[in-house]
1. Checking the structure you have, find out if any residue of the range 87-109 is among the β-branched types (Val, Ile, Thr), under 22 Å from Gln236 (Cα atoms) and surrounded by fewer than 19 Cβ atoms within 10 Å (Cβ to Cβ).
2. Examine the range 236-258 for a residue that is touching a Phe, Trp or Tyr at 6+ places or on another chain (Cβ under 7 Å), more than 16 Å from Tyr203 (Cβ to Cβ) and surrounded by 14 or more Cβ atoms within 10 Å (Cβ to Cβ), and state whether such a residue exists.
3. Output the number of residues of the range 283-325 satisfying the condition of being assigned to a helix (DSSP H, G or I), farther than 30 Å from Phe122 by Cα and in contact with a helix residue (DSSP H, G or I) (Cβ under 7 Å, 6 or more places away or on another chain).
4. Is it the case that Ala285 is in the same structural domain as Thr206 (by TED's automatic domain parsing) and surrounded by 15 or more Cβ atoms within 10 Å (Cβ to Cβ)?
5. Quick one: which residue in Leu123, Leu173, Leu139 is more than 22 Å from Leu102 (Cα to Cα) and surrounded by 18 or more Cβ atoms within 10 Å (Cβ to Cβ)?
6. Which members of the range 308-367 meet the condition of being of a type in the set (Ser, Thr, Tyr) and surrounded by 11 or more Cβ atoms within 10 Å (Cβ to Cβ)?
7. Go through (1) surrounded by 13 or more Cβ atoms within 10 Å (Cβ to Cβ); (2) over 16 Å from the mean Cα position of the chain (by Cα); (3) not assigned by TED's automatic domain parsing to the domain that holds Glu287 one by one and return the number of the condition Pro166 breaks.
8. Count, please, the residues in the range 238-261 that happen to be charged (D, E, K, R) and at pLDDT 95 or above.
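The values are calculated or read from the model by the stated rules, or taken from the named source; none is laboratory data. What you see is a predicted model, and the numbers here were worked out from it, not measured in a lab. Every residue, glycine among them, receives a Cβ derived from its backbone with ideal geometry; neighbour counts consider all protein chains shown.
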Amino acid sequence: MDRLLRPSAAAGLVIAIAFIALLVGFPSLAARMSANRIQAATAPSTGKTTSTEPAKVEHAGGGHAGFKDKAILERGKQTYAKYCASCHGDAGLGDGSGGANLPIKPQNLTLGLVMNPLPDHFLHKIIADGPQVVGLSELMPPFKPQLADRQIDEVIAYVRTLANPPYEPEGVLPVAEKREGPVQPILFSHVIHAGSYRLDCQYCHTGARRSSSAGLPSVERCMGCHKIVAAQGNEQVQKLHAYWDKQQPIPWVRIFKIPEHAQFPHKNHIAAGLQCQTCHGRIEAMEQVHAKTGQNIVNDLANLSGMSIPPTKLTMGWCVECHRAVNDKGVQAVQPVADAWGSAPRPPTADDKKPRKAPLECVACHH
């Protein structure tokens, strides 16, 4: 009986393998077919076929085929002149007559330091759904469905050419298209404040360099700017004003926390030259701050089974491995990016390649 079952079991195994291979191969096949269709649509005409469909800019993809296609830029310029120039000005300086009396002036689109870090999909969202969806002013209306996705992407391609200094795709922030993390009482976008306007981390988190806790900015600190900046015309700033008027703290939802029995002095790590992003991730690219830290059942089971996997952030194993790395190769061994924005400025004599003497004794954190 056992011999009779073996051929059928083997056949079932073969069928299962073939089915899995088909599932794995289908997406790549679909991708190749899609790429062939795009290539056919954008290839130069040979006289055999004609198409009246205008060339498309890759929607919200961060690429800029538009810079190589004068037709795309010209269409973007025409759409900009029709829908945007009245407020943003013919040259994008934010000096259009339509925005002269607004409490929040239209954005100067030529400021490359402000505009260049923002990815295409972020700008697309602003134009399509209105700036209020990313925490900015609601004075600019949404332009969808008046403008199709293709038209919005063409406007973005044209606006990129106005930037000074010039736009470089390599400098775009890795902003996720889908927000993660808990919803906060105020939509405070680190993409806008830290990523685009490049506010230093320690301007708000003043305790990082001088105490164990980095701390949160007081409402008074926020109002230092927003008594004037966007004081009218922005729903999120109005929420801030309400907390100020009531003299109440903002009930932010906490994201980062280590166990009570462990000590983490921020000031020691800042003094050592550690970037904020090493522990907290690319905060300047987060619309809503989020983190995947601490112990979890998957990581624990993997460790029990003997699997060699990197420890989760802000666990003891992760901290110990970090200390071992900097003791061997210096701080540069653990920094996420070479030029992360917002961390403490490094003195000219700092040597981040020099091995350190980070403690490995239990008492260093548990005391």
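1. Looking for residues that are among the β-branched types (Val, Ile, Thr), under 22 Å from Gln236 (Cα atoms) and surrounded by fewer than 19 Cβ atoms within 10 Å (Cβ to Cβ), one finds none in the range 87-109, hence no.
2. yes
3. 1
4. yes
5. It is Leu173.
6. Result: Thr312, Thr315, Ser343.
7. Status for Pro166: all satisfied but (1).
8. Within the range 238-261, residues that are charged (D, E, K, R) and at pLDDT 95 or above number 3.
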